[in-house]
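K.L.:
What follows is a structure written as structure tokens; I'll ask about it next.
The values are calculated or read from the model by the stated rules, or taken from the named source; none is laboratory data. Only a predicted model underlies this, so the values are computations on that prediction, with no experimental measurement involved. Because the Cβ atoms are built from the backbone with ideal geometry, glycine has one as well, and the counts that use them run over all protein chains shown.
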Amino acid sequence: MSTEQVKNEIRRFLKAEDKLALCLSGKWGVGKTHTWDTLLTAAFKDATVRPPRYAYVSLFGLETLSDVRRSVFENTVDAAAFRQKERLEATFSSVSERLAQLSSKWRAGIGMIRGIPVVADYGGLVEAGFLDVRNQIVCFDDLERMSDSLDLKDVLGLISFLKEKKNCKVVLLLNSEALEGQNAEDFRVQLEKVIDINLTFAPTASEAVATAVPDRTTLLTQMVAEYAAKLEITNIRTIFKLLRICGRLEEVLEGYDERIIKQAFHSACLFGFAIYQPTEAPLIDAILKHRPYADLFGDREERTPEEIQHSELLKRYEFLTADGLDLVVCDCIRSGFYDEVSLQREADVLTGRLELKDQDAAFSKVWDIYHGSFDDNADAFATELKQSIRDNAAAISPANLSASIATLKKLGHVDGLDDLIKDYVDSRDDGKDFWVGDPVSPRFNIEDPDVIAAFAAKAGAFADDRTLKGVATAIVRDRGWSEGTLEFIDKHTADDFYAAMKAAKDEELRLVVYGLTYFRNIGNADERMKSISAKAVSALQRIGQEGAINRLRVEKFNVVVPQA
């Protein structure tokens with residue numbers, strides 16, 4: 001049954017002259033009470049409700065059937081309450097007025113002294129006031145949350161009594177799935193006997209979003225509606241919470257790039273879903289540790305069907321990996337405190353990344369002039385390319401700079417290239433590693449001799465703060481090296497190797513020894529690698545000759561220690 005069909009049945013129920021009992025069941029938060037209240041208010045305003053009196057009673061917290069009866073009396077309102085006060089509950093004055101009327105009837109009937117205050121007999125009046133409940137609509141909510149001291153069969157009996165003896169129409173709102181044990185069985189057995197219309201309210205995500213976010217004229221409402229629908233959230237309470245959370249984030253991030261605000265909303269909706277509906281959403285810790293390409297690297301344990309389902313949800317939602325801003329957003333939702341300093345700090349980091357991304361896009365767009373046609377536009381392309389290198393140097397890789405300079409030379413636009421390369425170098429504040437580069441990396445595949453010379457000059461301006469121990473350790477950890485690395489190591493003597501090994505301790509010792517002896521296992525080792533290996537072996541032999549225990553330690557590295 002669609003949501004619209006359920007609403008139409010409720011409208012018919014409200015207009016009906018017959019005394020009926022309607023049951024509206026659905027999961028917590030899907031909008032049962034909200035939908036009922038909305039349709040009821042509209043019907044009262046249109047004067048189409050029969051009969052025109054109403055009482056709403058939440059069974060949550062009520063301990064006895066007397067409490068229930070008293071609550072029905074206290075919460076009864078007339079149609080005027082809907083038209084004038086825009087509220088569904090009774091007011092203190094309306095209850096007092098009804099008590100005064102009821103007390104007046106009693107006094108007139110039994111000749112009581114008029115001077116006795118009404119409040120002195122409040123408990124008895126309210127209990128007896130239930131006798132005055134008739135010809136009205138009574139709504140009972142939260143049946144599944146009622147006290148253990150209340151018997152479900154007694155409540156259902158009261159519903160039947162109101163319908164059959166009091167000429168009332170009765171509505172029962174509940175989450176039947178939450179009933180347990182004997183209550184669940186009693187409800188199943190008594191349902192057909194007591195209830196005339198049994199409806200299940202199960203809105204789709206789009207229907208729930210339409211209810212919770214009817215107005216989508218702002219970025220906030222547009223994004224929350226879109227993200228809630230993607231996550232297939234049907235709990236409108238959760239959606240209302242997401243609106244509040246994203247509203248607070250929007251305040252803190254006001255003035256930042258819209259893409260940053262959208263990311264905050266995107267992550268907040270996912271995290272809120274996981275925190276507020278943990279039985280339906282992926283685990284929040286699993287989301288924060290999510291790595292979409294983890295399966296490409298090594299084996300992993302077989303996943304459960306639920307884990308696969310959640311992984312697919314994250315894929316559809318286009319959530320990759322939590323960054324710094326995401327982690328702060330998650331902390332804010334969990335604590336309820338929105339750390340403006342941390343949020344804005346991470347937003348500043350993202351601003352820098354977005355600026356680089358935009359610069360890279362601008363540089364690529366210039367190359368579209370080159371690749372996009374056979375027009376005779378070399379001059380226009382060269383002019384745009386030179387200006388783009390100046391404007392977007394921070395986002396241009398060494399390889400792209402080299403290719404650009406080489407292309408300009410081939411086109412005959414050599415004027416100002418030295419200054420252009422100098423401007424590129426001067427505008428960047430990268431460390432020495434950037435200028436030395438990694439020959440294995442495609443980003444550092446530079447071939448133009450002028451670019452190579454400029455990079456070498458820049459690298460030479462840095463003091464070499466590398467240590468033998470640090471370089472040796474990096475070889476093992478990175479499983480790689482450059483010619484510069486070999487040159488640096490080979491500048492050191494066997495005494496330097498000895499000092500580095502003696503100074504290292506624990507795990508660092510293992511890394512230093514393996515790093516300095518790494519090239520012993522290279523089949524086609526060059527002369528520099530052989531020189532490094534010889535110095536390492538000499539240093540280890542010297543250590544092994546220092547005592548019996550060191551001899552044993554050195555021999556485990558497959559080094560033969562000669563007798564001293």
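So that you can scan it fast, the table gives a plain yes or no per residue for (1) free of Cβ contacts under 8 Å to residues at least 60 places away in the same chain; (2) in the same structural domain as ILE275 (by TED's automatic domain parsing); (3) among the hydrophobic types (A, V, I, L, M, F, W, C); (4) crowded, with 16+ Cβ neighbours inside 10 Å:
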{"position": "THR351", "(1), (2), (3), (4)": "no, no, no, no"}
{"position": "GLN387", "(1), (2), (3), (4)": "yes, no, no, no"}
{"position": "ASN400", "(1), (2), (3), (4)": "yes, no, no, yes"}
{"position": "ASP423", "(1), (2), (3), (4)": "yes, no, no, no"}
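K.L.:
I would also like to ask the following. Within region 194-216, identify whether any single residue is surrounded by 14 or more Cβ atoms within 10 Å (Cβ to Cβ) and farther than 29 Å from LEU172 by Cβ, and answer yes or no.
P.N.:
yes
K.L.:
With (1) in contact with a helix residue (DSSP H, G or I) (Cβ under 6 Å, 6 or more places away or on another chain); (2) of a type in the set (Lys, Arg); (3) under 28 Å from SER482 (Cβ atoms) as the list, and LYS505 as the residue in question, which single condition is left unmet?
P.N.:
(1)
K.L.:
To continue, here is another question. Of all the residues that make up region 181-229, how many are touching a helix residue (DSSP H, G or I) at 6+ places or on another chain (Cβ under 9 Å), over 29 Å from PHE13 (Cα atoms) and not β-branched (Val, Ile, Thr)?
P.N.:
Going through region 181-229 one residue at a time, the tally reaches 10.
K.L.:
OK, next. Against the condition closer than 24 Å to PHE444 by Cβ and not assigned by TED's automatic domain parsing to the domain that holds SER427, how does SER482 come out, does it pass?
P.N.:
So SER482 fits the description; yes.
K.L.:
Which residues, taken from region 529-564, are under 17 Å from LYS502 (Cα atoms), exposed (fewer than 15 other Cβ atoms within 10 Å of the Cβ) and small (Gly, Ala, Ser)?
P.N.:
GLY547, ALA548, listed by residue number.
K.L.:
Is region 404-416 home to any residue that is at pLDDT below 95, surrounded by fewer than 16 Cβ atoms within 10 Å (Cβ to Cβ), assigned by TED's automatic domain parsing to the domain that holds PHE363 and not in a loop (DSSP other than H, G, I, E, B)?
P.N.:
The answer is no; no qualifying residue exists.
K.L.:
OK, next. Here are ASP465, ASP430, ASP375, ASP450: which of them is under 30 Å from VAL513 (Cβ atoms) and either more than 43 Å from the chain's Cα centre (by Cα) or not in a helix (DSSP H, G or I) (or both)?
P.N.:
Just one listed residue meets the conditions, ASP465.
K.L.:
Checking LEU131 against (1) modelled with pLDDT under 95; (2) under 24 Å from ALA79 (Cβ atoms); (3) in contact with a helix residue (DSSP H, G or I) (Cβ under 6 Å, 6 or more places away or on another chain): exactly one of these is not met. Which one?
P.N.:
(3)
K.L.:
Of the residues LEU354, LEU385, LEU401, only one is under 30 Å from PHE271 (Cα atoms), among the aliphatic types (A, V, I, L, M) and over 20 Å from the mean Cα position of the chain (by Cα); which?
P.N.:
Values: LEU385 fails: under 30 Å from PHE271 (Cα atoms); LEU401 fails: under 30 Å from PHE271 (Cα atoms).
None of the others qualify; the one that does is LEU354.
K.L.:
I'd like to check something: does region 51-66 contain any residue that is of a type outside the set (Val, Ile, Thr), at pLDDT below 95 and in a helix (DSSP H, G or I)?
P.N.:
Scanning region 51-66, I find at least one residue that is of a type outside the set (Val, Ile, Thr), at pLDDT below 95 and in a helix (DSSP H, G or I), so the answer is yes.
K.L.:
Any idea which residue in region 316-326 is surrounded by the most Cβ atoms within 10 Å (Cβ to Cβ), counting only those that are more than 16 Å from LEU253 (Cα to Cα) and in contact (Cβ under 8 Å) with a residue 60 or more places away in the chain?
P.N.:
TYR317
K.L.:
Just wondering, is there one or more residues in region 10-22 that are in a strand (DSSP E or B) and in contact with a Ser or Thr (Cβ under 6 Å, 6 or more places away or on another chain)?
P.N.:
No, every residue in region 10-22 fails to be in a strand (DSSP E or B) and in contact with a Ser or Thr (Cβ under 6 Å, 6 or more places away or on another chain).
K.L.:
I'd like to verify a number: residues in region 194-211 that are in contact (Cβ under 8 Å) with a residue 60 or more places away in the chain, assigned to a helix (DSSP H, G or I) and out of contact with any strand residue (DSSP E or B) (no Cβ under 7 Å at 6 or more places or on another chain), how many?
P.N.:
Residues in region 194-211 being in contact (Cβ under 8 Å) with a residue 60 or more places away in the chain, assigned to a helix (DSSP H, G or I) and out of contact with any strand residue (DSSP E or B) (no Cβ under 7 Å at 6 or more places or on another chain): 3 in total.
K.L.:
Hey, VAL30 hits all of (1) assigned to a loop (DSSP other than H, G, I, E, B); (2) within 26 Å of LYS193 (Cβ to Cβ) but one; which does it fall short on?
P.N.:
(2)
K.L.:
Could you check region 327-343 and list, in sequence order, the residues that are in a helix (DSSP H, G or I), crowded, with 17+ Cβ neighbours inside 10 Å and touching a residue at least 60 places away in the same chain (Cβ under 8 Å)?
P.N.:
VAL329, CYS330, CYS332, ILE333, LEU343
K.L.:
When the residues of region 247-282 are narrowed to those that are at negative phi, outside any helix (DSSP H, G or I) and over 11 Å from the mean Cα position of the chain (by Cα), which ends up surrounded by the fewest Cβ atoms within 10 Å (Cβ to Cβ)?
P.N.:
Going residue by residue through region 247-282, those that are at negative phi are 247-254, 256-282.
Okay, now just the ones that are also outside any helix (DSSP H, G or I), so 253-254, 256-257, 277-282.
Subsequent filtering for residues that are over 11 Å from the mean Cα position of the chain (by Cα) retains 253-254, 256-257, 277-280.
On the way: LEU253: 21, GLU254: 8, TYR256: 18, ASP257: 15, GLN277: 18, PRO278: 11, THR279: 4, GLU280: 16.
Checking each candidate, the answer is THR279.
K.L.:
Would you confirm whether or not region 181-193 contains a residue that is under 38 Å from the mean Cα position of the chain (by Cα) and either buried (at least 19 other Cβ atoms within 10 Å of the Cβ) or in a loop (DSSP other than H, G, I, E, B) (or both)?
P.N.:
The answer is yes, given that some residue of region 181-193 is under 38 Å from the mean Cα position of the chain (by Cα) and either buried (at least 19 other Cβ atoms within 10 Å of the Cβ) or in a loop (DSSP other than H, G, I, E, B) (or both).
K.L.:
Separate question: Just the residues that are modelled with pLDDT of 85 or more and surrounded by 12 or more Cβ atoms within 10 Å (Cβ to Cβ), please, taken from region 428-445.
P.N.:
Those that are modelled with pLDDT of 85 or more and surrounded by 12 or more Cβ atoms within 10 Å (Cβ to Cβ): ARG428, PHE434, TRP435.
K.L.:
Hey, another quick one. Give me a count of the residues in region 378-421 that are of a type in the set (D, E, K, R) and under 20 Å from PHE455 (Cβ atoms).
P.N.:
5
K.L.:
If ASN8 satisfies all but one of (1) free of Cβ contacts under 8 Å to residues at least 24 places away in the same chain; (2) over 25 Å from ILE233 (Cβ atoms); (3) not β-branched (Val, Ile, Thr), what's the number of the condition it fails?
P.N.:
All conditions are met except number (2).
K.L.:
Looking at region 158-180, which of the residues that are touching a helix residue (DSSP H, G or I) at 6+ places or on another chain (Cβ under 6 Å) and in a helix (DSSP H, G or I) is farthest from THR238 (Cα to Cα)?
P.N.:
SER160
K.L.:
Give the number of residues within region 43-69 that are out of contact with any strand residue (DSSP E or B) (no Cβ under 8 Å at 6 or more places or on another chain) and crowded, with 19+ Cβ neighbours inside 10 Å.
P.N.:
Here the count works out to 2.
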